[in-house]
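One structure is given below, encoded as structure tokens.
The values are calculated or read from the model by the stated rules, or taken from the named source; none is laboratory data. Since the model is a prediction, treat every value here as computed from it, not as a measurement. All Cβ positions, glycine included, derive from the backbone under ideal geometry; neighbour counts span all protein chains shown. Note: accessible area is taken over every heavy atom of the protein model, side chains too, but ligands, DNA and RNA are not part of it. Shrake-Rupley method; radii C 1.70, N 1.55, O 1.52, S 1.80 Å.
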Amino acid sequence: MSAVVEQPIEAVKEVLHPYYPRDAHLPHYVASQFSMNESLATLGSAILVLAVVSAFLISKARTPLSGKDKLIVIWMMVCAGIHIVLEGYFSFNHGSLAGKQT
């Protein structure tokens, strides 16, 4: 005996998303309007700006640093900037992030 269960039309029209688990309920999901190249270009530009600003600030430091130390400081500034911006944005907008074009 198999019973046929009819699903309401709303359940069939759920928006599919590319995230796992595939059956996760993301009611506000909207597909991105930006291509992968646009997203990577934006991220790369932001990283470049952080690195240039860090290098400028290091050049104004009173204590001279070796080349290796300058690269380490620039790397740490870029990592800190990425974490502060991305994780900060996520923590403030995690409830509605799936439906935003950011």
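Please work out if S91 is under 26 Å from Y19 (Cα atoms), outside any helix (DSSP H, G or I), open to solvent by 60 Å² or more (accessible area, probe 1.4 Å) and not aliphatic (A, V, I, L, M). In short, no.
With the structure loaded, tell me whether L16 is in a helix (DSSP H, G or I) and either touching a Pro at 6+ places or on another chain (Cβ under 6 Å) or of a type in the set (A, V, I, L, M) (or both) or whether it fails that test. Considered against the rule, which asks whether it is in a helix (DSSP H, G or I) and either touching a Pro at 6+ places or on another chain (Cβ under 6 Å) or of a type in the set (A, V, I, L, M) (or both), L16 comes out as no. Restricting attention to the stretch 32-49 and to residues that are of a type in the set (S, T, N, Q) and part of a loop (DSSP other than H, G, I, E, B), the residue that is surrounded by the fewest Cβ atoms within 10 Å (Cβ to Cβ) turns out to be Q33. Number of residues in the stretch 50-88 that are within 28 Å of L26 (Cβ to Cβ), open to solvent by less than 60 Å² (accessible area, probe 1.4 Å) and free of Cβ contacts under 8 Å to residues at least 24 places away in the same chain equals 1.
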